[in-house]
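Only one structure is covered here, and it is reproduced in the block below.
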Amino acid sequence: MAKVRTRHSLDVGAIQVMMRSPVGGVARDMYRRGQNVRSRALRLAGADTGRLRASIHVELTGRGGVVGARVGSMVA
């Protein structure tokens with residue numbers, strides 16, 4: 001059996017850009033995940049007036065230089 005050697009090198013700068021960029025792959029994935037949470041919240045929210053459902057939103061956030069998503073509502 002032949003042996004194969006592989007060598008990996010990481011571009012730390014590119015990884016940091018990908019993690020921190022609001023338009024990078026990580027941000028797109030976090031937004032998609034936030035939309036999944038929002039969809040579930042819409043199904044669980046009551047429908048008395050529809051005000052709560054209409055106010056549930058997703059926003060991208062940054063914390064410690066890393067992109068994240070926040071799902072919430074301003075309705076109390």
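The values are calculated or read from the model by the stated rules, or taken from the named source; none is laboratory data. These figures come from a predicted structure and were not determined experimentally. Neighbour counts are summed over all protein chains in view; Cβ atoms, including those assigned to glycine, are modelled from backbone coordinates with ideal geometry. Remember, those area values only see protein heavy atoms, side chains included, never the ligands or the DNA or RNA. Shrake-Rupley method; radii C 1.70, N 1.55, O 1.52, S 1.80 Å.
Residues checked against (1) free of Cβ contacts under 8 Å to residues at least 12 places away in the same chain; (2) open to solvent by 70 Å² or more (accessible area, probe 1.4 Å):
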{"residue": "4", "(1), (2)": "yes, yes"}
{"residue": "22", "(1), (2)": "no, yes"}
{"residue": "49", "(1), (2)": "yes, yes"}
{"residue": "53", "(1), (2)": "yes, yes"}
{"residue": "67", "(1), (2)": "no, no"}
{"residue": "71", "(1), (2)": "no, no"}
{"residue": "75", "(1), (2)": "no, no"}
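Filtering region 8-44 to residues that are of a type in the set (S, T, N, Q) and within 17 Å of residue 72 (Cα to Cα) leaves 35, 36, 39. One residue stands out among those in region 41-67 that are of a type in the set (Val, Ile, Thr) and not in a strand (DSSP E or B): the one that is farthest from residue 16 (Cα to Cα), which is 49.
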